[in-house]
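The values are calculated or read from the model by the stated rules, or taken from the named source; none is laboratory data. These figures come from a predicted structure and were not determined experimentally. No Cβ is skipped: glycine too gets one built from the backbone with ideal geometry, and neighbour counts run over all protein chains shown. Just the protein is used for accessible areas: all its heavy atoms, side chains included, with ligands, DNA and RNA removed. Shrake-Rupley method; radii C 1.70, N 1.55, O 1.52, S 1.80 Å.
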Protein chains: 2
Amino acid sequence: MSHPHPELNLPRPLAKNGVRIIALGGLGEVGRNMAVIEHDGQLLVIDCGVLFPEDHHPGVDLILPDFEYLEDRLDDIQAIVLTHGHEDHIGAVPYLLKLKRDIPIVGSMLTLALIEAKLKEHRITPYTLGVKEGMRERLGVFDCEFVAVNHSIPDALAVFVRTPGGTILHTGDFKMDQLPLDNRLTDLRAFARLGEEGVDLFMTDSTNAEVPGFTTPEKDIAPAIDKVFRDAERRIIVACFSSHVHRVQQVLNAAEKAGRKVAMVGRSMVRNMGIAAELGYLHVPDGVLVDVKKLDNFPDDQVVLICTGSQGEPMAALSRMANRDHRIDVGVGDTVLMASSLIPGNENAVYRVINGLMRLGANVVHKGNAKVHVSGHASAGELLYCYNIVKPRNVMPVHGEWRHLVANAELAVQTGVPREQVVLAEDGVVVDLVDGVASVVGAVPCGYVYVDGSSVGEFDEALLKDRRILRDEGFISVIVVIDAATGKIAAGPEIQARGFAEDDEIFSQVRPKIEQALAEATGNGVTDSHQLEQVMRRAIGGWVGGKIRRRPMIIPVVIQA
Amino acid sequence: MSHPHPELNLPRPLAKNGVRIIALGGLGEVGRNMAVIEHDGQLLVIDCGVLFPEDHHPGVDLILPDFEYLEDRLDDIQAIVLTHGHEDHIGAVPYLLKLKRDIPIVGSMLTLALIEAKLKEHRITPYTLGVKEGMRERLGVFDCEFVAVNHSIPDALAVFVRTPGGTILHTGDFKMDQLPLDNRLTDLRAFARLGEEGVDLFMTDSTNAEVPGFTTPEKDIAPAIDKVFRDAERRIIVACFSSHVHRVQQVLNAAEKAGRKVAMVGRSMVRNMGIAAELGYLHVPDGVLVDVKKLDNFPDDQVVLICTGSQGEPMAALSRMANRDHRIDVGVGDTVLMASSLIPGNENAVYRVINGLMRLGANVVHKGNAKVHVSGHASAGELLYCYNIVKPRNVMPVHGEWRHLVANAELAVQTGVPREQVVLAEDGVVVDLVDGVASVVGAVPCGYVYVDGSSVGEFDEALLKDRRILRDEGFISVIVVIDAATGKIAAGPEIQARGFAEDDEIFSQVRPKIEQALAEATGNGVTDSHQLEQVMRRAIGGWVGGKIRRRPMIIPVVIQA
């Protein structure tokens, strides 16, 4: 296996008969999935998603793939193929289209409906090309065939890309539920046929490669949902992802059986389920759905709410219910069903919500105490099937942290793919497929691009480092006004601090030290603002580091007046 | 079950024949365990631990129990009984002793050795009373009997407190491993005997009450450890808690079998294992242990390191190895064994370490891919045994978040304890045991006490809220100097911002707006600093909220010079 190295250079130009693959996101993290395929000067983008920030990205709303590599080559992009409608695969499309609005978007009916709704919010009307499984479309030099795959959102597709330089099968996100709710299987017959034809590079979803065995079928959580409906004394409040059409379907089915009315709560839930119902992916039993405003017309034991917030998002309906900050006042006898995964990093937030709801007297059913969730990704056992059916020449694990990619690579090796034909790459690493052999040939710059409010990519690691210091230690700002004419202190030192100490009293200790240090410096004829700021910084730094044993951000300000 | 309410009042004085129980920590969170038992004007403290902060406590080092209730009653405290030597049970002792140095500390030999080492760092020499299982000690009015319990640290004790007002059995942290490494079982025969005598209130560890079944014996991870030793090509690096003597024992045993040398890395690991070995709790095979500095004398495939950092702590040895910031340069062929739990909230940090080590080429064996950890707490099945053996009159679940306490309470009810005799209380809630009946009678103030650097309890929620704003949005400070004589602007506006925008360019947009707003205000004769600051705040706030869609902290400063 080839390991990427930070010392990788920019690659040489691609051989005329070669295919180049660069992930601009999704390799080394779970999210912002995006791959660029290149042949003969043309580019094909597969997915363009967002990454949700972790605690070391304080205050960041979203993280985008790094488009820098594409910026001079926007005209070469033939299309953006979207494998399915999840945020981590489509969420960054608006930001890419802002660079060039007329790049065609290719995807299945549901996927296009979801991206169009998103683009509408950004006031962009895209050029789209609807495709479905079994279809074959020429996108520039790329001859693309689409294959049905099963995932935690309907209408997901894998894409097989034929080029004169070689073929690539990209699974997108997928699993292999053999009894899916919508009877739409991952099409292993197509995988077999394409394998027979020859798959030069197999790009496979690594998310669950560390998980042994097989992902449980979606159907198998029905008993746990039924039990909730049997046992619930008053309202049932279901929290799940707003794109999980099949999960919502199961709740609707259970509600119909139980004679309960269902209301959707939360903007994205209402919007997505509206789209899914309109397009026929969600089958709403007659008379089951009601507007949330009409819920008061029904007794509590005939009511179901389906809402967002299963990850403990503080502004979502569920967190607000837990904090008694929502019109739905959860109380004794209510049952909350969190029918969702627990994404690593969200544990504390989710447990805060669970504890809050339980404190109000609700019964909370979740992944930790009932079988109310199954994953949307293929486990190790399923991936072995894939490798054995496709028999690819080369493998490049995608979608995952390093540990996931490594686990997926090991599975490929176990099925007989030669170790040197399994390419481990991270974001920005350039993989060339030439004469049937894939290898790492270099790397292009590929950083995190942060979205914060309305600004995109306008701040970087240095700013996040500042935020981490402010978060952990707060700051002290000390201002003095120097009389420009005399070089003497005209006002100050004025001390401002936040996140550092409650009591301004404490500054009486350091104020004389600053005054003395400044007096010495100005006495020695120092008048330069920058030098005086350094003098103040040292005086404060010595005090907080020694006396208080803390390291706040120190901001000395000299104003010449 | 009694639910605590925020509107609970201070309780009336305790009845002469009653026993009062107040948890000052540990009920509503996992950590800072501390219970106070009162009878006839005397107090007994059971445990005094710390809580490790979460992401919504930015920059906090530790969280202590709230000692406020004790501050006027320090002379009434007869003793601090420590059930075992974990930080969440002993870590706050130094802070309590700083209020009164001569409160006797009662505990087992290992527990006392660990607290004495900790107190030495705080330059406190405590008064101690060593006890062991089977012993009975009179501590003021409290007649205490100690019972062996099994936990993830040796020498843990439950305590049975006899008072004229009733009896209390407090388990401390425990599980019921039936084949423990040291053959020291949780003494169910003693539990049975005390149950026969009569347990008026049973205070039980709730940590694993949500987990069905039985906690796997510590012995059962030996095969996974052996496999690591069989398969490892070069070094083996084991990360685990620095108090987990039995886990380290298993590693030492495996190393002896494999003919490898072991070095301890990390201050707390070296210190604690030194104590454990000296007192006979850790049996170091002859010639196995070497100093880390001598490791270079041995080939890589004859070496084991045992270090801290299993929770992804950034300054611990393991994180530093993952970041190539440690003298041990982890590389291809090395095996890292993370023989520890993954405490909720630490997932991202731990996965960062795992990914980092794997990127360096190491094979990482952890809880997620091998049976290399078992819990230290009794699961639901074990707790049922306890309730059935003790047959307590009243039950008060301790040690856990609300969801854990509720789960534990349900177990008690299932074994036949009347629901109204199961008391659910949070920190500060006052439970009185009178005439054999326990009930909530009020609450005392009980907040979080934060330790940050050398300051204890000197800041509060308001400061943490400031830090959260600074973390998420940064700040903008705008300074103007007003000529005190003329009321005109003498200098500024000078804009300082951190964590907000990289590019000062952006402020050219708002500077004229501030100048204009100030000119208007001063033109209208406003000279008051506070009023001018409000003018600046509005001008900046409107700009960032509207134009940039962000909400940084805004700090306007007017200096009269």
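Name the shape class, rounded, prolate or oblate, that the alpha-carbon gyration tensor gives for chain A, where a ≥ b ≥ c are the square roots of its eigenvalues, rounded holds for a/c under 1.5, and otherwise prolate holds if a/b is larger than b/c and oblate otherwise. The shape class here is oblate. A DSSP coil position with no more than 14 other Cβ atoms inside 10 Å describes the following trypsin sites (Lys or Arg not before Pro) in the stretch B:464-548: B:Lys488. Over all other residues within a Cβ to Cβ distance under 10 Å of A:Gly400, the charged ones net out to -3, with Lys and Arg as +1 and Asp and Glu as -1.
When DSSP beta bridges are restricted to pairs lying wholly in the stretch A:461-560, around 45% turn out antiparallel. Principal-axis analysis of the Cα atoms of chain A puts helix A:529-543 at an angle of about 80° to the longest axis.
With both labels modelled 7 Å from their Cα along Cα-to-Cβ, the A:Arg101 to B:Asp220 distance reads 6.3 nm.
For B:Lys219, a cut-off of 12 angstrom between C-alpha atoms picks up these aspartates and glutamates, skipping any fewer than 8 places away in its own chain: B:Asp177, B:Asp182.
Cross-link pairs exceeding 30 Å between alpha carbons, from the set A:Lys98/B:Lys547; A:Lys371/B:Lys257; A:Lys371/B:Lys391; B:Lys257/B:Lys367: A:Lys371/B:Lys257; A:Lys371/B:Lys391. Using a/c under 1.5 as the rounded threshold, could you call the stretch B:123-189 rounded, prolate or oblate? The axes a ≥ b ≥ c are square roots of the C-alpha gyration tensor eigenvalues, and prolate needs a/b larger than b/c, oblate otherwise. Note, shape of the stretch B:123-189 comes out oblate. The long axis of helix A:511-523 is offset from the longest Cα principal axis of chain A by roughly 70 degrees.
At R0 = 30 Å, how high is the FRET efficiency between A:Glu197 and B:Lys367 if r is their beta carbon distance? Nearest 0.05 is fine. Between A:Glu197 and B:Lys367 the formula returns 0.10.
The value of relative contact order for chain B, using C-alpha pairs under 8 Å at least six residues apart, is 17 percent.
Beta bridges assigned by DSSP with both partners in the stretch B:337-467 are antiparallel in approximately 75 percent of cases. Pull up the DSSP beta bridges for chain A and report the antiparallel fraction as a percent, rounded to 5. The answer is about 50 percent antiparallel. Quick one: with all protein chains in place, what share of the accessible area of the stretch A:57-185 is carbon or sulfur, to the nearest percent (1.4 Å probe)? Answer for the stretch A:57-185: carbon and sulfur cover 47 percent of the accessible area. Summing Lys and Arg as +1 and Asp and Glu as -1 over all other residues whose Cβ lies under 15 Å from the Cβ of A:Arg234 gives a net charge of -3. Accessible surface buried by the A/B pair amounts to about 5400 Å², both sides summed, 1.4 Å probe. What net charge is computed for the residues neighbouring A:Gly107, neighbours being all others with C-beta under 13 Å from the C-beta of A:Gly107, Lys and Arg scored +1, Asp and Glu -1? Value of the local net charge: -3.
Residue ranking by accessible heavy-atom surface, 1.4 Å probe, largest first, among B:Glu196, A:Glu426, A:Glu420 comes out as B:Glu196, A:Glu420, A:Glu426.
The same position A:Gly134 in the other copies lies at 8.0 nm from this copy, comparing label points 7 Å beyond Cα toward the beta-carbon, shortest first.
When all protein chains stay in place and ligands, DNA and RNA are ignored, the 1.4 Å accessible-area order of B:Arg136, B:Arg162, largest first, is B:Arg136, B:Arg162.
With 0.36 nm allotted per residue and the present C-alpha distance subtracted, the B:Val437-B:Asn183 stretch has 87.8 nm of extension available.
Accessible surface ranking for B:Met109, B:Met315, B:Met264, 1.4 angstrom probe, highest first: B:Met315, B:Met109, B:Met264. Taking a ≥ b ≥ c as the square roots of the eigenvalues of the Cα gyration tensor, the stretch A:461-560 is prolate, since a/c reaches 1.5 or more and a/b is larger than b/c. Database remark: amide H of B:Leu305 closer than 5 angstrom to the amide H of B:Ile236, B:Ile237, B:Val238, B:Ala263 (H placed geometrically; neighbours at sequence offset of 5 or more, or on other chains; Pro and chain starts carry no H). Here the extension length gained between B:Glu410 and B:Ser508 equals 29.0 nm, from 0.36 nm per residue of separation less the Cα-Cα distance. Think of it as helices only: each DSSP H run of n ≥ 4 in the protein assembly as shown is worth -39500 (n - 2.57), and spread over all residues that comes to -8500 deg cm²/dmol at 222 nm. Inter-copy label distances at B:Ala462, shortest first and taken from points set 7 Å along Cα to Cβ: 3.5 nm. The GluC sites (Glu not before Pro) of the stretch A:228-327 that meet both conditions, a loop assignment by DSSP and at most 12 other Cβ atoms within 10 Å of the site Cβ, are A:Glu233.
Taking 7 Å steps out from each Cα toward its Cβ at B:Ser375 and A:Arg419 produces label points 3.9 nm apart. Can you tell me the FRET efficiency between B:Val526 and A:Glu7 if r is taken as the Cβ-Cβ distance and R0 is 60 Å, rounded to the nearest 0.05? Here the calculated transfer efficiency is 0.50.
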